[in-house]
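Okay, structure first, notes after.
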Amino acid sequence: MLMLRAEPDVTPDMAIGMAEQTVIATWENRDQILEIMTSARHLGQHLQNLWETSGKLGRLTQDHTDELVALLGEIGALSDTLCGLA
């Protein structure tokens with residue numbers, strides 16, 4: 001889980017009660033997040049291949065359209081998983 005918390009950053013020169021906030025990030029599920037991002041990169045490459053297959057015109061065969069719909073579903077699932085980890 002990616003956790004963010006603020007900790008006061010107080011120096012002797014700062015007035016009492018005027019502490020700045022420093023954000024600390026911890027990655028408890030770093031491996032899962034990296035795996036999701038790697039999967040997203042592969043899906044993005046697959047989408048790029050479909051675009052190039054279409055002659056960069058956006059016209060796809062029915063098979064390629066079905067493939068595109070499946071890819072978009074996988075991207076949505078990855079997004080939901082990533083949001084669940086954060």
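The values are calculated or read from the model by the stated rules, or taken from the named source; none is laboratory data. For clarity, every value in this text was computed on a predicted model and none was experimentally measured. Backbone-built Cβ (ideal geometry, glycine too); neighbour counts: all protein chains shown. These area figures cover heavy atoms from the full protein model, side chains too; ligands, DNA and RNA do not enter into them. Shrake-Rupley method; radii C 1.70, N 1.55, O 1.52, S 1.80 Å.
Here the label points at His42 and His64, each 7 Å from Cα along the C-beta direction, are separated by 2.2 nm in the simple model.
Between Lys56 and Asn29, full extension at 0.36 nm per residue minus the direct alpha carbon distance yields a gain of 6.0 nm. Largest to smallest in accessible area, the residues Arg59, Arg41, Arg30 fall in the order Arg59, Arg41, Arg30 (1.4 Å probe, all protein chains included). Here the stretch 43-82 has 56 percent of its accessible surface on carbon and sulfur atoms, given a 1.4 Å probe and all protein chains in place. Multiplying the residue separation of Asn49 and Ile75 by 0.36 nm and subtracting their alpha-carbon distance yields 7.8 nm.
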